[in-house]
1. In the range A:202-216, which residues are part of a loop (DSSP other than H, G, I, E, B) and exposed (fewer than 14 other Cβ atoms within 10 Å of the Cβ)?
2. Provide a single number: the residues in the range B:98-122 that are without any contact (Cβ under 8 Å) to a residue 12 or more places away in the chain and more than 13 Å from every other protein chain (Cβ to nearest Cβ).
3. Look at A:His162 and say whether it is within 19 Å of A:Pro174 (Cα to Cα), within 13 Å of chain B (Cβ to nearest Cβ), touching a residue at least 12 places away in the same chain (Cβ under 8 Å) and buried (at least 20 other Cβ atoms within 10 Å of the Cβ).
4. Considering only residues that are in contact with a helix residue (DSSP H, G or I) (Cβ under 8 Å, 6 or more places away or on another chain) and aliphatic (A, V, I, L, M), which ones fall in the range B:44-99?
5. Considering only residues that are under 20 Å from A:Thr83 (Cα atoms) and not hydrophobic (A, V, I, L, M, F, W, C), which ones fall in the range A:39-62?
6. Report every pair of residues separated by at least 6 positions or lying on different chains whose Cβ atoms are under 8 Å apart, first residue within the range B:123-137 and at positive phi, second of a type in the set (D, E, K, R) and not in a loop (DSSP other than H, G, I, E, B).
7. Condition test on A:Met106, is it surrounded by fewer than 24 Cβ atoms within 10 Å (Cβ to Cβ) and either under 18 Å from A:Arg27 (Cβ atoms) or within 16 Å of the chain's Cα centre (by Cα) (or both)?
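The values are calculated or read from the model by the stated rules, or taken from the named source; none is laboratory data. Everything numeric here is computed off the predicted structure, so don't read it as measured data. Methodologically, a virtual Cβ is constructed for each residue, glycine included, from the backbone with ideal geometry; neighbour enumeration extends over all protein chains shown.
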Amino acid sequence: MRLCLTVLMLLALGCSSSPPKGVVRFRAGEAPTHIDGPMPDFGPFPTYSDALLAACPLILSLPGAVTPPPSNPNFSLYWELSTEYCAWIYSTPDSQYEMSMVATNMTQGDSKMRTCDLPPYVRDFRYSEDSLGYVFVVHNHPVGDVLSRRDIRYIFNQGVMHGFSFKTGEREIPIGIIAFFSKGGPGSPSCDGFFQYTPLTGDLLRWTVDARSGLKREQYGVVRWLDSENFEIEYR
Amino acid sequence: MNSRLLLLLCSVAFVGCAHRPCQVLGDLFGCGCVPKRPQPEFQDMSVQLPVFDHTLKPEVDVDGYTLQAIRIAADDLLKSGPADLPCGEKQVSYRYRALRRGDIIFVRIEFKPENCGRTVGMLDDGATYAIGVDGRILRRDLDGG
């Protein structure tokens with residue numbers, strides 16, 4: 001009986017026609033060049049770390065953002081209804097940090113893939129387009145896997161477009177990509193950490209959120225680009 | 001219990017997901033229901049067919065088992081129809097690479113943005129398969145799980 005209720009609830013979520021507030025749906029592979037910002041009721045934040053830590057629980061709490069582990073007997077059903085979301089965290093000329101609206105693909109359930117088609121540019125009507133700084137692409141991995149090779153390639157290509165870093169005041173801010181994960185499962189999707197890749201340094205990092213000691217940093221690999229098309233990963 | 005659950009799933013799928021009930025039910029019962037594309041009965045005689053002799057250098061030369069593995073992986077990952085799918089979910093919008101090791105063929109599928117008229121891909125837009133020469137999917141690793 002409990003399983004049936006879960007199934008009904010999940011199907012209702014998966015088949016809902018209107019996206020949650022702040023979420024925009026694009027047809028996969030056909031996203032426009034711009035996504036609007038800022039995300040309503042989100043920022044601004046004085047540091048990009050604050051924006052990142054605020055984005056993590058917000059994205060993971062969206063419908064289908066988190067699945068139970070593959071060992072769960074109903075995993076295939078959860079995966080069928082899971083959804084990948086993505087957004088930009090960007091800086092404004094006021095040295096504040098905002099998040100764009102959150103993008104997702106319109107038909108996640110029609111294929112086995114969980115992808116997210118994020119437009120490369122943010123449009124924040126309060127500021128001129130070239131005054132924004134691109135800091136992080138943030139997204140969720142429903143099971144909690146590490147960054148995929150396609151994620152690494154995606155942010156490298158974004159770095160080619162936007163620059164691999166930008167200067168704000170005396171600071172040099174590098175562009176990077178983040179994949180949030182939760183160990184809590186769909187019922188209690190807490191922000192338990194994230195994976196990060198920064199093309200400028202090549203570092204692959206795993207950050208875990210610890211209620212007592214804050215964020216714990218661990219390097220799990222380094223990416224070496226052989227040329228503009230090919231790279232290798234040395235795992236540690 | 002299982003049959004009641006299946007019935008429940010079917011009815012909810014019909015009511016809640018009316019835009020693709022055929023696919024949902026087809027998936028549930030393990031059968032595809034994508035119609036084959038109708039082909040014209042006449043031949044276009046204006047198209048000149050090349051002679052596949054020793055002078056011709058084909059762009060692709062694929063063994064049948066490899067073709068089977070690529071087809072199985074592609075059909076598993078992406079629907080083979082209908083035509084109104086978003087560009088990023090069409091099989092033609094992807095790049096396919098294969099490697100045979102004994103009786104296993106490994107297939108890598110990745111979105112090819114150029115086929116959708118753009119230069120940058122999507123996040124987590126790839127998957128890797130291991131397919132036996134008997135056509136069984138031995139492993140499926142989706143990006144971004």
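1. The answer is A:Ala211, A:Arg212, A:Ser213.
2. The number of residues fulfilling the criteria is 3.
3. On the way: within 19 Å of A:Pro174 (Cα to Cα): yes; within 13 Å of chain B (Cβ to nearest Cβ): yes; touching a residue at least 12 places away in the same chain (Cβ under 8 Å): yes; buried (at least 20 other Cβ atoms within 10 Å of the Cβ): no.
So A:His162 does not fit the description; no.
4. Hits for the range B:44-99 are B:Val62, B:Ala74, B:Leu78, B:Leu85, B:Val92, B:Ala98.
5. A:Pro57, A:Ser61
6. Partner pairs satisfying both residue conditions: B:Asp124/A:Arg150; B:Asp124/A:Asp151.
7. Numbers: surrounded by fewer than 24 Cβ atoms within 10 Å (Cβ to Cβ): yes; either under 18 Å from A:Arg27 (Cβ atoms) or within 16 Å of the chain's Cα centre (by Cα) (or both): yes.
So A:Met106 fits the description; yes.
Here's the yes/no breakdown for (1) part of a loop (DSSP other than H, G, I, E, B); (2) touching a strand residue (DSSP E or B) at 6+ places or on another chain (Cβ under 7 Å); (3) aliphatic (A, V, I, L, M); (4) at pLDDT below 90:
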{"position": "A:Ser17", "(1), (2), (3), (4)": "yes, no, no, yes"}
{"position": "A:Pro38", "(1), (2), (3), (4)": "yes, yes, no, no"}
{"position": "A:Ala87", "(1), (2), (3), (4)": "no, yes, yes, no"}
{"position": "A:Gly109", "(1), (2), (3), (4)": "no, no, no, yes"}
